[in-house]
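Taking it in order: structure first as structure tokens, then the write-up.
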Amino acid sequence: MADIELLPHNVPSQSELPELVEELTTLNLGPTHPATHGIFQNILKMDGEKIVSGEQTIGYIHRAFEKIAERRPFYQITTLTDRMNYCSSPINNLGWHMTVEKLLGVEVPKRAQYIRVLMMELARITDHIICNSILGVDTGAFTGFLYVMQKREEVYEIYEEVCGARLTTNMGRLGGMERDLSSTAIRKIKEFIKSFPPVLRELEKLLNRNRIFMDRTINVGPISAERALSYGFTGPNLRAAGVDYDVRVMNPYSSYQDFEFDVPIGQNGDTYDRYMVRNEEMWQSLRIVEQAINNLPEGPYYADAPEYYLPPKNEVYRNMEALIYHFKIVMGEIDAPAGEVYHAVEGGNGELGFYLISDGGRAPYRLHFRRPSFIYYQAYPEMCKGSSLSDAILTMSSLNVIAGELDA
Amino acid sequence: MLTNQEVAEGLLEKFGDQVFDFEEPYGLLTLSTTREEIIPLMEFLRDHKNYQVIFLTDITGVQYPDNTGKEYVVVYHMHSFVHNFRIRIKVALSAADIHIPTATGLFASANWMERETYDFFGILFDGHPNLKRILNIEEMDYFPMRKEYPLEDATREDKIDALFGR
């Protein structure tokens with residue numbers, strides 16, 4: 001056999017190889033991306049699978065609520081607050097009413113306060129089940145989402161009984177509630193208290209100790225307590241990092257001091273802890289709902305403040321004073337006292353604050369909403385730095401950024 | 001739990017006449033300071049062990065167009081989780097010189113709050129790492145929350161405000 005030349009002639013030598021270019025990829029996550037659950041854009045710099053840095057662009061559904069509010073009478077601003085955190089609009093509505101009541105110095109009767117607590121806690125449950133079940137969807141478990149949506153529907157039916165609307169509820173009035181709890185509402189709430197725990201337990205069973213879910217969420221998007229405080233985190237996201245700040249406990253409003261509930265906290269501030277804190281908060285909310293419905297005080301459901309509380313319609317037809325007040329309120333003849341109020345409630349995502357300056361007119365001189373999502377969403381690039389894209393999606397999902405609240 | 005009186009006395013002792021206009025509307029301690037003292041004041045409140053105001057709740061702006069020389073007010077809300085008291089600090093700025101130092105060095109959350117205030121009122125936060133519009137489009141050439149921009153078209157004649165008490 002003749003010698004066969006084995007050296008490959010067609011392979012280029014090292015010097016002829018094109019130089020390997022290392023460059024970062026820019027990835028547009030959003031503005032409309034199914035995984036962002038809302039319209040906001042993230043421009044991510046990617047090194048292969050890893051995120052190097054990110055920058056958010058927000059404001060896609062900015063509707064200038066603060067400007068609009070300067071032309072609206074106080075009672076018409078609830079419709080704006082509805083559209084902030086639309087997953088838990090009753091908290092926004094009632095928080096706003098409490099702010100104005102603080103300005104006006106109106107004392108709301110105990111029964112109305114309890115009904116408000118009841119509705120706000122139901123709203124918290126709807127807020128948290130969406131966040132947690134969507135987190136399940138984002139990790140690949142779609143089923144749980146559908147089951148809990150059924151329960152959200154039941155809460156929406158309770159809203160319908162209480163205020164007539166479902167999503168943008170416009171619930172409550174200045175000085176109380178627009179109507180008393182009907183027997184149907186009470187029956188539906190009691191049914192919900194009975195039927196919700198098995199469903200929530202099922203969701204827990206599906207996710208809490210699920211190997212895949214734990215692997216996907218533990219140590220994903222962590223934030224330390226110190227950084228979380230610096231970034232202005234509040235609500236479940238802050239509590240997941242281990243700080244037990246809850247407006248309901250620290251500055252009780254609407255009779256929260258009468259209720260017994262625990263404030264769950266996490267340890268690592270990662271996605272799993274945020275999930276677990278929200279999960280436990282639903283149990284606590286259910287406890288509060290139960291206490292509120294069992295101890296519902298008798299009495300009027302609105303304050304004796306005829307110049308601010310829109311009178312019941314049947315009185316408007318029969319009663320001279322009610323007709324006059326109805327006309328004056330609707331036509332905007334009612335002036336609020338001048339003053340400056342900051343009132344905070346524990347929203348679904350954290351401290352929802354209303355900073356209201358009144359110059360004595362019928363509309364606010366200046367109204368500023370402290371929106372929790374807006375403030376903590378700025379930490380997002382820091383939280384997902386170095387993680388992969390799929391983990392960044394989970395981090396965003398567990399932060400529960402609501403586009404309406406983000407942009408106001 | 002600290003009372004507002006104690007906090008006010010402590011601040012007066014430290015900052016003297018640089019803190020003024022103490023008020024207590026609806027129980028919330030409110031005071032004013034100058035823009036030179038705002039950052040030292042916030043740092044003092046945050047780091048002093050008696051106060052530990054570790055949380056910046058909110059930054060926003062207010063405009064009073066008729067208040068010559070003090071047309072703009074930047075309002076800071078802070079909260080001490082340790083002692084559970086809130087404090088509101090105001091800094092008045094004149095329209096001719098609408099600068100104030102940034103608080104981003106103290107609180108990371110101040111970043112977007114200041115951008116929002118800039119976006120709405122055009123208040124310039126000196127030293128801010130990325131002071132550009134946040135909610136409105138970048139091409140916008142006015143600051144919408146200022147009172148000189150009415151919400152509705154002023155030339156409309158079909159709506160008579162006087163009839164509606166406005």
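Quick notes on this structure:
- Between 0 and 90 degrees, the angle of helix B:110-121 with respect to the longest Cα principal axis of chain B falls at about 30 degrees.
- With both residues required to sit in the protein assembly as shown, DSSP beta bridges show an antiparallel share near 85%.
- Estimated [θ] at 222 nm from DSSP helical runs (n ≥ 4, -39500 (n - 2.57)) normalised by residues in chain B, nearest 500: -6500 deg cm²/dmol
- Bridging of A:K50 to aspartates and glutamates at a Cα separation below 20 Å is possible for A:E22, A:E23, A:D138, A:D215, A:D270, A:E382, A:D391, once same-chain residues fewer than 8 apart are set aside.
- Pairs from the list B:K70/B:K147; A:K151/A:K194; A:K190/A:K313; A:K110/A:K188; A:K67/A:K102 with a Cα-Cα gap above 19 Å: A:K190/A:K313; A:K110/A:K188; A:K67/A:K102.
- Label-point separation in nm, B:T68 to A:E382, each point 7 Å along Cα→Cβ: 4.4
- Kirkwood-Stokes translational diffusion coefficient of segment B:1-63, alpha-carbon pairs, 25 °C, 0.890 mPa s, µm²/s: 196
- The calculated FRET efficiency for B:R133 paired with A:S195, based on their beta-carbon distance and R0 = 45 Å, is about 0.40.
- Taking Cα atoms only, the orientation of helix B:4-15 departs from the longest principal axis of chain B by about 80 degrees.
- Placing unit charges on the Cβ atoms only, positive for Lys and Arg and negative for Asp and Glu, gives segment A:130-260 a dipole magnitude near 280 debye about its Cα centre.
- Residue-by-residue Karplus 3J(HN,Hα) for segment A:183-193, coefficients 6.51, -1.76, 1.60, Hz, glycine and proline x: 5, 5, 4, 4, 4, 5, 5, 5, 4, 5, 4
- Positive-end extreme of charge dipole, segment A:273-380 - chosen from A:G332, A:N349, A:Y301 (charges on Cβ): A:N349
- Derived scalar couplings ³J(HN,Hα) [segment A:145-155; Karplus, 6.51 cos²θ - 1.76 cosθ + 1.60; whole Hz; x for Gly, Pro]: 3, 5, 5, 6, 4, 4, 6, 4, 4, 5, 5
- For the protein assembly as shown, the equivalent ellipsoid derived from the alpha-carbon gyration tensor has semi-axes of 43, 32, 24 Å in decreasing order.
- Over all distinct Cα-Cα pairs of segment A:278-323, the Kirkwood formula returns a hydrodynamic radius of 13.7 Å.
- Order of A:H33, B:H48, B:H79 - criterion: other Cβ atoms within 10 Å of each residue's Cβ, fewest first: B:H48, A:H33, B:H79
- From the largest down, segment A:25-122 spans 60, 31, 19 angstrom on the principal axes of its Cα atoms.
- When A:C131, A:C163 are arranged by Cβ crowding within 10 Å, least crowded first, meaning fewest neighbours, the order is A:C163, A:C131.
- Phi angles of segment B:67-81 translate, via the Karplus equation with coefficients 6.51, -1.76, 1.60 and θ = phi - 60°, into HN-Hα couplings of 8, 4, x, 9, 5, 10, 10, 9, 10, 10, 10, 10, 9, 9, 5 Hz per residue; Gly and Pro are given as x.
- Cα-derived Rg over Rh, computed across segment A:238-353 with Rh taken as Kirkwood radius: 1.14
- Counting only Cβ charges, +1 for Lys and Arg and -1 for Asp and Glu, the dipole size of chain A around its Cα centre is about 1360 debye.
- Expected 222 nm ellipticity per residue - DSSP helices of 4 or more, -39500 (n - 2.57), all of chain A, to 500: -14500 deg cm²/dmol
- Here the simple spin-label model places points 7 Å from the Cα toward Cβ, and for B:H83 and A:L146 these points are separated by 5.7 nm.
- Burial ordering of B:M42, A:M320, A:M84, fewest other beta-carbon atoms within 10 Å first: A:M320, B:M42, A:M84
- Cβ-placed point charges (K, R +1; D, E -1), dipole of segment B:12-56 about Cα centre in debye, nearest 20: 220
- Straight-distance candidates among the lysines for linking to A:K45, with alpha-carbon spacing under 28 Å and chain neighbours fewer than 8 residues away dropped: A:K385, B:K132.
No value in this document is a laboratory result; all are computed from the given coordinates. Note that this is a predicted model, so its numbers are computed, not measured. All Cβ positions, glycine included, derive from the backbone under ideal geometry; neighbour counts span all protein chains shown.
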